[in-house]
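Comments concern the structure below.
The values are calculated or read from the model by the stated rules, or taken from the named source; none is laboratory data. Predicted, not measured: the structure shown is a model, and the values here were computed from it. We place every Cβ from the backbone using ideal geometry, glycine too, and count neighbours over all the protein chains shown.
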Amino acid sequence: MAISHNLGFPRIGAQRELKTLLEAYWKGQTNLQNLDEGALALRRSNWIRQRDAGMDLIPVGDFSLYDHMLDMTATLGAIPERFAHKGEVDADCYFSMARGSKSAAAMEMTKWFDTNYHYLVPEFTSKTKFSISSMRLFREIEEAQELGIAPKPVLVGPLTYLYLGKEKEEGFERISLFEDLIPLYHEILGKLADMGIEWVQIDEPALALDLPEEWLERFIRAYSELESSGIRTLLATYFGSVEEHADLLKSLPVQGLHIDLCRGRNQLDSFLKDYPREKILSLGVVDGRNIWRADLEKEFSFLKPVHDRLQERLWVAPSCSLIHCPVDLEAEAGLDREIRSWLAFSAQKLKEVALLKKGLNEGGSAIRGALESSSLILAERRASHRVSNPVVEARLAKLTDSDHKRANPFEERQKAQRARFGLPLFPTTTIGSFPQTEAIRKSRAAFRKKEAGFLDYLEAMRAEIRLAVGKQEALGLDVLVHGEAERADMVEYFGEHLWGYAFTDNGWVQSYGSRCVKPPIIYGDISRPEAITVAWSKYAKSLTEKPVKGMLTGPITMLQWSFVRDDQPRSKTALQLALAIRDEVLDLEKAGIGMIQIDEPAIREGLPLKKPDWAEYLDWAVKAFRVASSGVRDDTQIHTHMCYAEFNDILPAIAELDADVITIETSRSDMELLDGFGKFDYPNEIGPGVYDIHSPRIPETREMARLLERACSVIDPEKLWVNPDCGLKTRGWAEVEAALGRMVEAAKLLRSKYAGA
Ligand code: GLN
Ligand code: ZN
């Protein structure tokens, strides 16, 4: 008999219950006991849901009050020194690692592989000592056992845990910590065995990255040392193919392997070849990273021959943990009925897994009806008028090289732009958004809920634009923006105005801690029925003599922060988005907006996990940006903006975008980025962020001036712009005005120094 299992379930709750619990606790509105009870209720309902959906083995330990990597840090006792912790990690210590405290800064957060989930980065020094410091996992196992659930504990594996961490000491190499770490895993596994656990899932998604040889060697040694723990281990890989390690993984002393067949379908043969007789093979055939229904007929005929060979040694599962997927489609009463029928959220995906298992165990006829209706729905989706738009198709087919190339090279455009705008040296500007006050949110919400009419909303937004323009004029900024009051979210706002996008009411996915996002769904060919931002920018322009910069979200960021179609390549969807944005760019230009910023903060996170695949992605991503931006005249200035990612390793691609100006966050890399831009000799103009917008602290004029001086030492001062790191929507007006005032002063200091130099 084949077995069905799940790798992880969304912890946030169908109605974001965990968010509510956590935020009430942090604000001091409830106590720890309430938080714990609420969290337990959530875990219980998740377990029961999974059991009722037909899972034979249910993950335990995948739940977290903040982040599963942080939980691992607590379990292993690798608490950074600044948290001055002793004994068992309590809630105060746990949440100060996550969110910082008066005396200690929070641990750094970064993206989990190529997902939009953020984990807390483990910190390692030569003083790092491991000892079991949280009993959370063991308590949760007991809770599950009390409920009569068959728990399969989940741990982040030693390779992934160490590899994703960071050294916090010069000269120290974290790989040396394997030595100390393995005995601890041994101890944990021993404890689990004592609790009567049969299977444990050890997640090693790091195997899908390009791993250095020495890490692979240490990984093999580590797992051989874990062998004697007396428990059966399922080594889980996901997010990509691990085919190059197939022989190695088959020879490891673990009792089962899980591979992701949604991201790496082709790897199966390498695993099936001489698959060890005693090992389980778990196949992730239902996509944990997207929201589409599986093609059950196809999956069933794919699994059938594998099952004939492996029999009870075949396990069926989603491709990865379901935390990247919303909880339950049942909560989407407002969604278009037809589109809804094409979707599967976590609860539905588990049913798909269970159904496939049933077919394998009881024969295809037992699930014939379900397979047929699945195929019928897929056929309807393929043929649906909601999906295809021949006009978009025809436009894509007509794209030529000249559509992704500005008419003239940067030098000529720069001349035309300088003549048009006459800006001073070190021009000052912002990244687009201004404080999103309670009043703004209220008027947007009232309009959305139809409690206020369009004219009320319009006037509220116009008032915000007047306010923002007035303040920017008073501050003496050189290039103004309208302030983005109309947008709650930079992707959602554009999605709502494009055809081909659908929105959910409750399709929340955890981003970090209590923060969730609700990615919109691209279900069909994208087109722009009418102008989106032109009226706002035009109104701003009517209020000032200064140049106004239009503000758009770029095609790759739209793609990256949405659930995308699985029936055509991402590159094609990106081009469709690019054409829609191109239309908006041209309409802005026609309306006299001379500068247009196309934000691409997500361009870096779209990179494939393995470096050999980067070039292909960068190629189509750059092309999409250029399609969006290249239709304009020489004297229209295209800006782009990027932030909060590593950019030094993709500088050539950033240059290829051929934006006239790039504004880029630098606080995170402490100007290392600028050295990169300097060394690379970035050809166009650049505005390195001169202050961190995440901090309420108001920077000193001289700090910003000093930063600019440093920038001047690596980049031609003629090319430099002056701006904050990112948008200001999370800040209050008082800080914003103070900080921008000083920023303008800093630019003036630099001007007086460099004028005529
Ligand atoms: N224009 C956007 C803003 O200012 C950019 C946001 C971002 O980079 N994520 O808010
Ligand atoms: Zn930004």
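Quick rundown of the values:
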| item | result |
| --- | --- |
| Helices (runs of 4 or more DSSP H) enclosed by region 607-687 - at least 2 residues per element that are within 16 Å of ligand 1 (Cβ to nearest atom) and crowded, with 16+ Cβ neighbours inside 10 Å | 614-629 |
| Test: Ile693 is more than 16 Å from ligand 2 (Cβ to nearest atom), aliphatic (A, V, I, L, M), within 30 Å of the chain's Cα centre (by Cα) and assigned to a loop (DSSP other than H, G, I, E, B) | no |
| Residues of region 350-392 that turn out to be surrounded by 13 or more Cβ atoms within 10 Å (Cβ to Cβ), under 32 Å from the mean Cα position of the chain (by Cα) and assigned to a helix (DSSP H, G or I), as a count | 15 |
| Subset of region 261-275 [part of a loop (DSSP other than H, G, I, E, B) and either of a type in the set (Ser, Thr, Tyr) or over 15 Å from Trp315 (Cβ atoms) (or both)] | Cys262, Arg263, Gly264, Lys273, Asp274, Tyr275 |
| Hey, Ala74 small (Gly, Ala, Ser) and buried (at least 23 other Cβ atoms within 10 Å of the Cβ) or not | yes |
| Among (1) within 16 Å of ligand 2 (Cβ to nearest atom); (2) touching a Phe, Trp or Tyr at 6+ places or on another chain (Cβ under 8 Å); (3) closer than 12 Å to Gln597 by Cβ - the single one Leu657 does not satisfy | (3) |
| Wholly within region 501-582, strands (runs of 3 or more DSSP E) carrying at least 3 residues that are farther than 20 Å from Asp114 by Cβ | 521-527, 549-553 |
| Residue check, Ala711 crowded, with 17+ Cβ neighbours inside 10 Å, more than 16 Å from ligand 2 (Cβ to nearest atom) and either modelled with pLDDT under 90 or under 20 Å from Asp478 (Cα atoms) (or both) | yes |
| Qualifying position, being free of Cβ contacts under 8 Å to residues at least 60 places away in the same chain, out of contact with any strand residue (DSSP E or B) (no Cβ under 6 Å at 6 or more places or on another chain) and under 30 Å from Thr429 (Cα atoms), among Leu543, Leu586, Leu579 | Leu586 |
| Any chance Ala485 is of a type in the set (Gly, Ala, Ser), surrounded by fewer than 23 Cβ atoms within 10 Å (Cβ to Cβ) and over 20 Å from the mean Cα position of the chain (by Cα) | no |
| Counted residues, region 724-745 - those being within 16 Å of ligand 2 (Cβ to nearest atom) and surrounded by fewer than 16 Cβ atoms within 10 Å (Cβ to Cβ) | 1 |
| Glu473 touching a Ser or Thr at 6+ places or on another chain (Cβ under 9 Å), more than 15 Å from ligand 1 (Cβ to nearest atom), part of a helix (DSSP H, G or I) and closer than 23 Å to Cys726 by Cβ | yes |
| Criterion: within 30 Å of Met743 (Cβ to Cβ) and in contact with a Ser or Thr (Cβ under 6 Å, 6 or more places away or on another chain) - qualifying residue of Ala460, Ala419 | Ala460 |
| Residue check, Asp92 acidic (Asp, Glu) and either without any contact (Cβ under 8 Å) to a residue 24 or more places away in the chain or in contact with a strand residue (DSSP E or B) (Cβ under 6 Å, 6 or more places away or on another chain) (or both) | yes |
